[in-house]
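The values are calculated or read from the model by the stated rules, or taken from the named source; none is laboratory data. Here the structure is a predicted model, which is why all the values come from computation and not from measurement. For neighbour counting, all protein chains shown are included, and Cβ atoms are generated from backbone atoms with ideal geometry for every residue, glycine included.
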Amino acid sequence: MNEVVKEEKVLEQTLNSQMKLHHPQTANIGVFGIGYDVYWSQFEGLLDEMMEKLEVFIKKIPDDICVQNFGMIDSPEKAYEVVKNMKASNVDLLFCDMLTYGTSGTFATIARNINVPIVLVALQPLEAMDYTKASTYMQLMNDDICALPEFTGVALRLGKKAPYTIIGTLYDDSLVDNEINEYCKIAKVLHDLKNAQLGHIGHPLNSMLDMHTDPTMLTSFFGCHIVACEPNQLMACYEDVKEKDISEKEEQILNFFDTPDPESDPIAIKLKKEDLFVAAKVSVALENFIAKHRLDGLAYYYDGAVNSELRRVMSNLIVGNSLLTARHIPMCGESDLKTLIALMIMDRLDIGGSFAEFHPVDFKEGFVLVGHDGPHNISIADGKPVLRSLKKYHGKPGYGAGVEFKIKEGPITILSINSTYNGRFKFVIAEGESVSGPIPPTGNTNTRGFFGSDIRSFLKKWVNEGPTHHFALGIGHHASTIAKIANILNLEYVIVHKD
């Protein structure tokens, strides 16, 4: 095992041991099988084999998902009975397992009455029939795709979108397993968005108009509730912090972060003891504040009076926010509620999600620096993240500890969520690469983002889609999954392709 991998494993173990999740991530997924009741009396044993196929599929769903099995639906009458239980179950997503041919009458009432995404799953047991030994029974056992056109067609006639489909084999099909896992992660996103309590303190920085968000519209499109919080509520938690808790948090911070000597930036110096103390105290206060108000995330910006203790607290949330974001509690500076949603989406997809914007372009090597000051997702850092004391937070009041790192090298995805002229939301998505090389030692995050052979062309296409200047940055290529989420939420989206 090389040193980089060792260091990453140590960081992961440290993060897991020091920080407990405030709630487990899960989703509620319903499963039902489709068949045709006429077959059962015609072919002895066929129904039993259909039910065995259903159980094999259910076992493919990850253990952290809550599964509700609605059994076999093989007639319209049965569908009308079961749909009542489905509506009461509060599922986030439904898998319709196409076990053999079934009439669309078994599906229509479900498609009409259930307002969650439905995924049609057609997984035949055999890769191919042995045609020399083929029989009607064998064909019915492998007729999983037969009714797909009928089901998608009736969904469209009902004014619904065509359901997503998974097509493959029941056994040893890695493509199928990957798709099932993808939809389970999407279900986690949907589950947490519609149940999230997201805190909001203050107002957008310097009246940045792309930041303004109507909380009611966030509830309308995503289901989350925005909890209006006051700075004095956080201040009360700060005043209650005990010395013992500060010392423990200081030790945790020093174990997790590196504190190197200063380099080229004159405002970024070696971490000062007093800045560590303030960062630790604010971090404890922030954790207690989040727990007390049962928040799943927070967007904030608040100046406070010059030289006040409140300003000191509000300008030193960076370290605590970064630790919380790595615990699946996304935090977002500059009052950016829309990017907070983007961060939560990426987190629930298990791809990180760090607060970012575009920084200077390197026209020599053809990349753009991607990063931001403030809170970040240190769980996707490349190596040990760094803390530096900053003499000033550029463009903002205050001073103190700043978090610096670049994210892991390899594929990356970025997601900006913006408000549109007609009051809806739009997802702007792109994929690129995090490439190796030095970053500015400014106490901020920065990653070398490579987006194709012509960085100018990519940036022109990106800005022409009307994104906010902030976005969420995650690891891996997941544009198609995020596009599915936008489609499920009935939102406009665009994937900006690199040249």
- Message: Anything in the range 451-461 that is under 12 Å from residue 370 (Cβ atoms) and either in contact with a helix residue (DSSP H, G or I) (Cβ under 8 Å, 6 or more places away or on another chain) or in a strand (DSSP E or B) (or both)? List them, or say none.
- Response: 451
- Qualifying positions in the range 320-359 - in a loop (DSSP other than H, G, I, E, B) and closer than 18 Å to residue 200 by Cα: 328, 329, 330, 333, 334, 335, 336
- Residues of the range 462-486 being in contact with a strand residue (DSSP E or B) (Cβ under 7 Å, 6 or more places away or on another chain) and either over 25 Å from residue 325 (Cα atoms) or in a strand (DSSP E or B) (or both), in sequence order, are 462, 465, 466, 471, 472, 473, 474, 475
- Per the list (1) touching a strand residue (DSSP E or B) at 6+ places or on another chain (Cβ under 9 Å); (2) crowded, with 24+ Cβ neighbours inside 10 Å, residue check on residue 293 breaks on (2)
- Item | Options 188, 194: the member that is under 17 Å from residue 490 (Cα atoms), among the basic types (Lys, Arg) and assigned to a helix (DSSP H, G or I) | 194
- Task: For residue 186, state whether it is touching a Pro at 6+ places or on another chain (Cβ under 8 Å), closer than 30 Å to residue 331 by Cα and not assigned by TED's automatic domain parsing to the domain that holds residue 321.
- Result: yes
- Message: Tell me yes or no: at least one residue of the range 221-240 is assigned to a helix (DSSP H, G or I), in contact (Cβ under 8 Å) with a residue 60 or more places away in the chain and closer than 30 Å to residue 487 by Cβ.
- Response: yes
- Do you know which residues across the range 320-365 are surrounded by 23 or more Cβ atoms within 10 Å (Cβ to Cβ) and either among the aromatic types (Phe, Trp, Tyr) or outside the structural domain of residue 285 (by TED's automatic domain parsing) (or both)? 355
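Could you check the range 368-450 for strands (runs of 3 or more DSSP E) lying wholly inside it with 3 or more residues that are farther than 30 Å from residue 278 by Cα and touching a Ser or Thr at 6+ places or on another chain (Cβ under 9 Å)? Spell out how you get there, then give the answer.
Details: elements: 386-390, 400-404, 410-419, 425-435, 445-450.
In the range 368-450, 410-419, 425-435, 445-450 are the strands (runs of 3 or more DSSP E) which contain 3 or more residues that are farther than 30 Å from residue 278 by Cα and touching a Ser or Thr at 6+ places or on another chain (Cβ under 9 Å).
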- Enumeration of residues in the range 211-228 that are surrounded by fewer than 19 Cβ atoms within 10 Å (Cβ to Cβ) and either touching a strand residue (DSSP E or B) at 6+ places or on another chain (Cβ under 7 Å) or among the small types (Gly, Ala, Ser) (or both): 215, 219, 220, 221, 223, 225, 227, 228
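Among 279, 299, which is aliphatic (A, V, I, L, M), touching a strand residue (DSSP E or B) at 6+ places or on another chain (Cβ under 8 Å), within 17 Å of residue 336 (Cβ to Cβ) and buried (at least 22 other Cβ atoms within 10 Å of the Cβ)? So that I can check it myself, show each step before the final result.
Details: 279 fails: within 17 Å of residue 336 (Cβ to Cβ).
From the options 279, 299, the qualifying one is 299.
Looking only at residues that are part of a helix (DSSP H, G or I) and β-branched (Val, Ile, Thr) in the range 302-319, which one is surrounded by the fewest Cβ atoms within 10 Å (Cβ to Cβ)? Walk me through it before giving the result.
First pass over the range 302-319, keeping only residues part of a helix (DSSP H, G or I): 309-314, 318-319.
Next, only the ones that are β-branched (Val, Ile, Thr) stay: 313, 318-319.
Values: 313: 23, 318: 27, 319: 28.
Out of the qualifying residues, it is 313.
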- Query: Out of (1) of a type in the set (Ser, Thr, Tyr); (2) under 25 Å from residue 156 (Cβ atoms); (3) out of contact with any Leu (no Cβ under 7 Å at 6 or more places or on another chain), the odd one out for residue 100 is which?
  - Reply: (3)
- Query: Regarding residue 385, is this residue surrounded by fewer than 24 Cβ atoms within 10 Å (Cβ to Cβ) and over 24 Å from residue 246 (Cβ atoms)?
  - Reply: no
- Return the total of residues in the range 30-74 being free of Cβ contacts under 8 Å to residues at least 40 places away in the same chain and more than 20 Å from residue 136 (Cα to Cα). 7
- For the range 435-442, does any single residue satisfy the condition of being out of contact with any Pro (no Cβ under 9 Å at 6 or more places or on another chain), within 19 Å of residue 213 (Cβ to Cβ) and of a type in the set (Ser, Thr, Tyr)? no
- Task: Test each condition in (1) surrounded by fewer than 16 Cβ atoms within 10 Å (Cβ to Cβ); (2) modelled with pLDDT of 95 or more for residue 425 and report the one that comes out false.
- Result: (1)
- Cβ-Cβ under 9 Å pairs, at least 6 apart or on other chains, the range 354-367 side closer than 18 Å to residue 404 by Cβ, far side assigned to a strand (DSSP E or B) and hydroxyl-bearing (Ser, Thr, Tyr): 354/445; 354/447; 355/445; 356/445; 356/447
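Residue-wise test of (1) modelled with pLDDT of 95 or more; (2) small (Gly, Ala, Ser); (3) within 21 Å of residue 252 (Cβ to Cβ); (4) within 18 Å of the chain's Cα centre (by Cα).
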position	(1), (2), (3), (4)
341	yes, no, no, yes
349	yes, no, no, yes
352	no, yes, yes, yes
358	yes, no, no, no
365	yes, no, no, no
369	yes, no, no, no
381	no, yes, yes, yes
402	no, yes, yes, no
407	no, no, no, yes
